[in-house]
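Enquirer: Dumping the structure here so I can ask a few things about it.
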Amino acid sequence: YYEVKIVPVTLEENNERYIVILHDITNERMLENVRKEFISNVSHELRTPLTSIHGYAEALLEDDLSNREIVRKFLKIIESESARMTRLINDLLDLEKLESGNSQFIFEEINFTEVLEHVRHIIEPLAEDYGVEVEFTYPDKLLLIGDKDRLIQMVLNLVDNAIKYTSLKEKGEKIVKVDAYKEGNNIVVQVKDTGVGIPEEAQKRLFERFYRVDKARSRKLGGTGLGLSIVKTIVEHHKGTIEFFSKEGVGTTFKITLPINKEEKLNETI
Ligand code: ADP
């Protein structure tokens, strides 16, 4: 995209010339489009739960409230939809902070094993609710320089997805395996599930904000479409890499490689 400016220059009478100034505005235009799309996505995502909250509240107000079961059911929907809105806003603020550079990472020497133990505790009741078995394998010590809370969030998002998308499978074993090990100067963590998998055509777009293979399905699982964007941003702040392999109907494996690499990152503000 170019912005064109034409400036007439009169050198002498009857001899008018023009200077054409071309200003390359491709970047600005692209940023503007990204911003517009983002706002439209956010509005849409917020409007969906709001519409449902409004609808059910209205129905309750018009009802004589004599059927306790229905009242409970509607209140439950209102509660879970408002919880989803809160999650969405928290995820958005988190992502904004991570990406704008306003968030200070606290890099210190940590034992990555403790990250996994923490995730294991949080995830246990969820796994049980969803009827999925989760198996962790890691050594006692996996030292690395990193931000512990962010790393917990990173693994948690992956395991949370793995459990939920595995629970959707109708038959076959439902197991999620989380492995971590040291490989050269890196710590590798893999989250392997036996879930529904990701169709090939969707794989390129997986880390985009709000991208979901199936919006209705993700919503039902309480998803916001921001989880993987957050994971990717945290990985990048640790100068690591993320990749995945997936086959529809068979399962998905996410693999994150983080450099142990302390000196470079100690107390760095990003
Ligand atoms: P969501 O909140 O919808 O889970 P994410 O950003 O975490 O959003 O993931 C984006 C999309 O990627 C999901 O909606 C889902 O379609 C797909 N996805 C992520 N993890 C898995 C997985 N382990 N198995 C199958 N699909 C997955």
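The values are calculated or read from the model by the stated rules, or taken from the named source; none is laboratory data. No experiment lies behind these values; they were computed from the predicted model shown. Reconstructed Cβ throughout: ideal geometry from the backbone, glycine too, with neighbour counts over all protein chains shown. Note: accessible area is taken over every heavy atom of the protein model, side chains too, but ligands, DNA and RNA are not part of it. Shrake-Rupley method; radii C 1.70, N 1.55, O 1.52, S 1.80 Å.
Enquirer: Return a yes/no flag: does region 108-120 have any residue that is within 16 Å of the ligand (Cβ to nearest atom), surrounded by 16 or more Cβ atoms within 10 Å (Cβ to Cβ) and among the β-branched types (Val, Ile, Thr).
Expert: yes
Enquirer: Filter the strands (runs of 3 or more DSSP E) completely within region 169-270 down to those with at least 2 residues that are within 16 Å of the ligand (Cβ to nearest atom), open to solvent by 70 Å² or more (accessible area, probe 1.4 Å) and not aliphatic (A, V, I, L, M).
Expert: The strands (runs of 3 or more DSSP E) meeting that bar are 241-247.
Enquirer: Let me ask another. Condition first: modelled with pLDDT under 95 and aromatic (Phe, Trp, Tyr). Can you find one or more residues in region 90-111 that meet it?
Expert: yes
Enquirer: While we're here: Please work out if Glu32 is of a type in the set (Asp, Glu) and at pLDDT below 90.
Expert: Spelling it out, Glu32 is indeed of a type in the set (Asp, Glu) and at pLDDT below 90.
Enquirer: Is it the case that region 151-161 has a residue that's touching a helix residue (DSSP H, G or I) at 6+ places or on another chain (Cβ under 9 Å), more than 27 Å from Leu46 (Cα to Cα) and not small (Gly, Ala, Ser)?
Expert: Within region 151-161 (the criterion being touching a helix residue (DSSP H, G or I) at 6+ places or on another chain (Cβ under 9 Å), more than 27 Å from Leu46 (Cα to Cα) and not small (Gly, Ala, Ser)), the answer is yes, since at least one residue qualifies.
Enquirer: Which residues, taken from region 45-67, are among the hydrophobic types (A, V, I, L, M, F, W, C) and either without any contact (Cβ under 8 Å) to a residue 40 or more places away in the chain or more than 17 Å from Thr86 (Cβ to Cβ) (or both)?
Expert: Answer for region 45-67, where residues must be among the hydrophobic types (A, V, I, L, M, F, W, C) and either without any contact (Cβ under 8 Å) to a residue 40 or more places away in the chain or more than 17 Å from Thr86 (Cβ to Cβ) (or both): Leu50, Ile53, Ala57, Ala59, Leu60, Leu61, Leu65.
Enquirer: Please tell me if Gln153 is under 23 Å from Ser229 (Cβ atoms), of a type outside the set (A, V, I, L, M), touching a residue at least 40 places away in the same chain (Cβ under 8 Å) and assigned to a strand (DSSP E or B).
Expert: no
Enquirer: Test Glu117 against the criterion of being free of Cβ contacts under 8 Å to residues at least 40 places away in the same chain, of a type in the set (D, E, K, R) and assigned to a helix (DSSP H, G or I), and give yes or no.
Expert: Judged against the criteria, Glu117 is a match.
Enquirer: Across region 123-144, what is the total count of residues that are surrounded by 14 or more Cβ atoms within 10 Å (Cβ to Cβ) and either in a strand (DSSP E or B) or hydrophobic (A, V, I, L, M, F, W, C) (or both)?
Expert: Here the count works out to 10.
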